[in-house]
């Protein structure tokens, strides 16, 4: 009976309007490269100071979930993830758009985001306290092994040439070393330049590595940006629903991985979507199709990143530790509104929390009409615009986006240098995606390793730290399976055939 | 139509000039660069200040996040920004005193930073997981003495306030602990709550909000704090350690003398806002105002206090 009351409180016209406004604003901001979800939520935070706490939360939650989906537009249409959570969406989303299926990819992204968002929100409702305890069991060692597991994805992102993918991944790891080290405090590879002391920032690097090569190629070849002739118009909702029904396993896997990784405070939506993408590829019967415009690639990435919204709120509410960077801002909003986090939040402040969760569910559902409609216009605009306008427009946004993330001109320089570099290495067949992965996971692996060694030295055994913890061992087992299972299977099937 | 628009623009400009002459600084929005990402304690404080700034001056306070290298990215760029009084930057002590010594090269020197107002103080606390066997500072010190180097202690980064507190406390108590640096306050706190480390130096604000899962043993302020009256200070327990973070407003070196005073006075007026102060004290922050030019002596005093600790941390690395 109480639940009906919470649902009614969430569905007041004012809260519905806030959810709609939040999702719409989120989709627009998220679609702009460089405007991350964190940035979008932070910019809109002061507008919520005068609201009731629950309305403020619904609005910010709607912005967060909307921006996580909105980032898929630029990922699919111009190969530039709008937010870091959409990196994995570019791998198959952009090839789909190239061959004339951009509208289908956007509709699939919308459906997957709604499913993932709902799963994350339901997890927040049903199993928040026990999941938060799991988050605490993850120490530096577990994060180290998790990052190593992530790095094994280089193999799946290497497009057939493991050596070249490995080179790219190592370049990314090397770039992640630039700047002040968290664990040792040493400044590395900064060459006395203040611009490099802070390291290579992820967002400008990703924009450069993924988008600039596309822009250069657009200028270099006479063909239109996205193929139009022979492609089907409209939303292609029926077709998308059919694909979703067939790939329900992918959606489930993506949503669960997203929720689980969202709960871990040191990993966010970007890692969740990459892990979901790679796991989906591994489980697929045709892994070679991934990277060439496989709809399941988009489904896995987009369901996982929206599931991190609900998943990330679990440690935020239960522990007071933000699950993702955007959750740090939402945690701030709670503090400003005088709401104390903790396990008691779910009992003492039950009306607030459950009304908010209903609000988040409503906002996620609203993403379906809002997202489909806005996606149609985004696709229509990008497809019909002439290349002479598109190239300068996108180039403008790459610069604005790289600058906006930290208000720093140096980031624009980093973006341009890495962009040209990414184009050059693509000439010799070295893919840029593993480099992004190295840059993203390098710091997590390095910090976990350094902290693990300090703790291991203090407690007497470094080996026992790295190889003596149950969760760590489980992750190591996964790493071994991921690395060697394909070879073992291939040999086995070959023997069967012979 | 066109000329009318132009006239209107001219009229507005002259009106702005008039009111500007009457009110002085500020005449337009002021940029406040926050050297950390959105959502952290410093960023939150600045965002709570936004409405107070608007109501005190009639203009917006625009927050620009410029995170990187524990603040060093922003601080090393401060003096290349425009000294027109409309670019201001959040600065934290002892961070700007420790970093140039500990993280060489950090891109700036302490003396490069022109502080015009110290506006807040956040004490540090020594905390353990809720399930820890350490009930008091005495228990912890006894354990640390029994097995030197075995007690792990989390904190944020190398050369930050937490690291300074660890160095100060180790010296005062005559113990040796293993400092484990984390990338931000949240991840260090998560490691503490999960008992990945034995203990941590963190901020009073964190100790208060996370009290379901962690236990504060002592606070490193001069006097007990109102929000946790039963929490002893390290001083009264016999360890001469006071530590914390002082927030300050800094301007580029090229900012002229009269503007430095105006920036200082304006922000000092803003933080008098009752709602701002209420929110801040709820979080555990102490609002204070040490204005320009008197603030220079305060900075000098802190520099002479913290520089030896910085050298000590550097030598141990």
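Of note:
- Scanning segment A:182-195 for residues that are touching a residue at least 60 places away in the same chain (Cβ under 8 Å) and either in contact with a helix residue (DSSP H, G or I) (Cβ under 6 Å, 6 or more places away or on another chain) or more than 8 Å from every other protein chain (Cβ to nearest Cβ) (or both) yields A:182, A:183, A:195.
- If you go through segment B:170-198 and keep only what is in contact with a strand residue (DSSP E or B) (Cβ under 7 Å, 6 or more places away or on another chain) and more than 9 Å from chain A (Cβ to nearest Cβ), you end up with B:185, B:188, B:192.
- Among the residues of segment B:215-268, those that are over 30 Å from residue B:54 (Cβ atoms) and in a strand (DSSP E or B) comprise B:215, B:216, B:217, B:218, B:219, B:233.
- Strands (runs of 3 or more DSSP E) within segment B:55-153 that include 3 or more residues away from chain A (no Cβ under 14 Å): B:87-93, B:114-129
- Condition check for residue B:39 on (1) at pLDDT below 90; (2) surrounded by fewer than 19 Cβ atoms within 10 Å (Cβ to Cβ); (3) at positive phi: one failure, at (2).
- Whichever residue in segment B:202-214 is in a helix (DSSP H, G or I) and out of contact with any strand residue (DSSP E or B) (no Cβ under 7 Å at 6 or more places or on another chain) and, among such residues, is surrounded by the most Cβ atoms within 10 Å (Cβ to Cβ): B:206
- The lone criterion from (1) at positive phi; (2) part of a helix (DSSP H, G or I) left unmet by residue A:242 is number (1).
- Total residues in segment A:197-229 satisfying the condition of being facing chain B (nearest Cβ under 9 Å) and either farther than 15 Å from residue A:176 by Cβ or assigned to a helix (DSSP H, G or I) (or both): the figure is 1.
- Flag if residue A:436 is in a helix (DSSP H, G or I), touching a residue at least 12 places away in the same chain (Cβ under 8 Å), surrounded by 22 or more Cβ atoms within 10 Å (Cβ to Cβ) and over 21 Å from the mean Cα position of the chain (by Cα): no
- Counting only helices (runs of 4 or more DSSP H) that fall entirely inside segment A:309-428 and contain at least 2 residues that are more than 14 Å from chain B (Cβ to nearest Cβ), the qualifying elements are A:350-384, A:387-406, A:409-427.
- For segment B:278-303, taking the residues that are out of contact with any helix residue (DSSP H, G or I) (no Cβ under 9 Å at 6 or more places or on another chain) and not in a loop (DSSP other than H, G, I, E, B), the one that is farthest from residue B:99 (Cα to Cα) is identified as B:278.
Every residue, every condition in (1) closer than 14 Å to residue B:124 by Cα; (2) part of a helix (DSSP H, G or I), yes or no:
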{"residue": "B:158", "(1), (2)": "no, no"}
{"residue": "B:165", "(1), (2)": "yes, yes"}
{"residue": "B:169", "(1), (2)": "yes, yes"}
{"residue": "B:176", "(1), (2)": "no, no"}
{"residue": "B:180", "(1), (2)": "no, no"}
{"residue": "B:186", "(1), (2)": "no, yes"}
{"residue": "B:190", "(1), (2)": "no, yes"}
{"residue": "B:196", "(1), (2)": "no, no"}
{"residue": "B:200", "(1), (2)": "yes, no"}
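- Failed item, numbered, when residue A:98 is tested on (1) at pLDDT below 95; (2) touching a helix residue (DSSP H, G or I) at 6+ places or on another chain (Cβ under 9 Å): (2)
The values are calculated or read from the model by the stated rules, or taken from the named source; none is laboratory data. In this text the structure is predicted, and so the values were computed from the model without any measurement. Reconstructed Cβ throughout: ideal geometry from the backbone, glycine too, with neighbour counts over all protein chains shown.
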